[in-house]
Every structure is written in C-alpha cells, then in structure tokens.
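Peer 1: Dumping the structure here so I can ask a few things about it.
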Amino acid sequence: MKARSVAMTGALAGLGLVAAYTTWQRPKDTGSTAAMVKVLDASKQSLESVKYEDGQRFLTLKRVDGALWLTSGWVPGKEPAAPDAGLATTLVALDGGQLDDGGVADAGVLEVAVKAPKPPPTREVRGNERAEAAMMKFMPFEATRALGVLSDEKRAELGLTDSDRRLELIVASTARVFRVAKTLPGIFGTYVLEERTGEVFLLPGTLLSDFDPQSQVLVDRRLHVFKQSEFDTFTVKADGKDATFVQTNAEIPSTAKVARKATPDKPDELVKNWHDKVWGRLIVTEVLGKGELPNGKEPTVALRVDYTAKGKDKGFLELGIGEGSSMWARTENTASWVSVHQGSDEILIEAKKLVLDQ
C-alpha cells in the first residue's frame, strides 16, 4: 500500500508540474485589453514602417505621403541561384498518332531545355485595406505576456537562439528589432526577443499572420479607388479614334444610363454593357511593382479610357498588349502594369466595333 501511495503522490506531483509549466507558457486571456503588455508605444504618427523577414524573404509596410506601400523581396544573400546557363529542363509528351479505336498512342516523352523562370524581383506596390488593418495592430505594439530576460537555455527552448526570423519597427525614426521564434506546438502565439534589451515577449497568435512575404493578401488589386457613380463623363481612345460619353443616374447601378456626349438624351445600351465589362469585370492576376515592366518590355497601349467629374480629371485606364498577346492594364491607382485575365482582349475588339465605329 505504501509503495502504491508513494507512486500516486509522485504521479500527482508530476501532473502539477506539467500544469504549472503549461500555464506559464500559455498566453493570458486577452478578452480584456488590461491583460495586454505594452511593448512599444507606437501611434499612427510615430510608426513609420513594419518589416518582417521569414529567413529568406521580407515584407515591409511603409507609409509614404499618407499612402501605405508594401515592399516584398528576397533577403540579401538568400536569393535562389539561377540554373546553369539560365536553362532548365522539362519533359514533353510526344505524339504517337491515333489508334484504330480513336485513342492516342503513347510515344513516350522528350527532355527539352527551356528558359528558366527568373526569381520574382523586389516589388513595391500599394497596400490594401487589410494592410492598413495589419499596420494598426502595432498601434500600440502589445504582447500577451512579458517574460523578461531569460537564460540562454530557456531562449533555446523557446526557439529564439538560432532563429533567422526578424521583426523590425521604425518608431519616431528609431529602429526596434526583434528576433522571432518559430511557432511552437500547442502554443497559440509567437515568442519574440528584443535584441537591444534582451527581453522576451509572447505575441498574440494572429499578430504576424498577415506578414507572410510570399502571400498576396495585403496587395491592393483595385484598378480604381473611386466609385462608378463618382464620374459623369468618360472618353474612349483607340486606333487614333476617340469618342466621349456621358453617364447619368449612376447612384443606383440598375438605373445608370450611358449616352454619347453629342446625343445625351439617347441612351446607348450596347456601350453601357461594354463599359460595365471595362469597369467591373477585368480580373487582375498579377501586380507588378514600381518601375517594373512585363518581361522588361513596355506593353503597346491599345485602348485608353479617361474619366472626369464636373470637368475635372478623375482617373484613367490603359489596356496594353505584351509578349505573346498577353493583356496588361494600368490606372491612376496601380504602381505599374498589372496583368489581366485571358479573354480581356474582347474588350478591345468590342471597343472598335461598338464604341468607335459608330
């Protein structure tokens, strides 16, 4: 009995230690803002930028002249090496002809050399509303727990010793750098170590969730920031021709009317349907950064639409044709060209038939 009692007591003591350790590791209940620990007293006026590195790539949010810009690229020295001679190989299926039953004969594959794709360059693009929300999470910069200065052994246990992840905040022109640990199993949060003071903090689990440098969730993909109801005239230009149209009753999309400026009382439903495609059905598939051109070449502008409101410029849209008949767009809101979905060349064809040739 005594042996059993001793074993039971030991087991209970062990469970107590595990519970105590888990409680110490677990973030505090953040249901109340009073439970949060202030790391940096940053505000919209003092927080200039937030930069996160995952060991290979980086992502920076920075406010410039009131606008939020996002820069992403490779950490210096971490760029992927290009294949030898800039070439890679791929397997191409060979055509063995058609069988008697209508099937296709298998003639095997051939290994051919193709030009290796270049690593994506560093890009500076506009940040969207989600980027604004991600930036706001650092105003102020708070943690769920402050652990103070820990021993080297404890830092290693928390994954802070060999981590090459970094978080840098520029507050009032001063850089504050934090080493970021990898996410630990069973811990809803991220440990960081401030390199200047050596203090360790446990951040909320969602604070850095949007800062994946390979993600596109913070990129502004909008062609325009003004609404369709906020312009009253637009001019279409293509192939040396141009035509100007007026828009009325656009506060409600179903009542909006489009007519040629010369005949404002004669709505043109065909032109309206065409412009609806231009305005709301162009799908952005890739966003290039400031100064970046598709494959290093300027697309040939095939169509331009200029928008005005009460005689003042509101914005514009250009559609261009790149290599391989790829379609690109550029507006007052984009940093450079953006690629648009396949099939958008129909807008060019319809522009010439429905809009300019009448």
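Please treat every number below as a calculation from the coordinates, not as lab data. Predicted model only: the values in this text are computed from it and were never measured. FYI the Cβ positions are ideal-geometry reconstructions off the backbone, even for glycines, and counts take in every protein chain you see.
Peer 1: Report, to two decimal places, the Cα Rg of region 222-299 normalised by 2.2 N^0.38 Å (N = number of residues).
Peer 2: That ratio works out to 1.33.
Peer 1: I would also like to ask the following. Can you put His275, His224, His341 in order, fewest other beta carbons within 10 Å first?
Peer 2: His341, His224, His275
Peer 1: Taking the Cα centre of each part, how many Å lie between region 219-283 and region 120-180?
Peer 2: Rounded to whole Å, the Cα centres lie 45 Å apart.
Peer 1: Sticking with this one: For region 228-356, what mean projected area does the convex hull of the alpha carbons give, in nm²?
Peer 2: That works out to 8.0 nm², a quarter of the Cα hull's surface.
Peer 1: With a 10 Å Cβ neighbour count serving as the proxy for reagent exposure, in which order, fewest first, do Lys314, Lys353, Lys227 appear?
Peer 2: Exposure proxy ranking, most exposed first: Lys227, Lys353, Lys314.
Peer 1: Work out Dmax and Rg for region 271-346 from the C-alpha atoms and quote the Rg first, both in angstrom.
Peer 2: Spelled out, the Cα radius of gyration and Dmax of region 271-346 are 12.6, 40 Å.
Peer 1: Students often get this wrong, so check it: of Lys272/Lys352; Lys237/Lys277; Lys290/Lys314; Lys297/Lys353; Lys44/Lys137, which have C-alpha atoms separated by over 19 Å?
Peer 2: Lys290/Lys314; Lys297/Lys353
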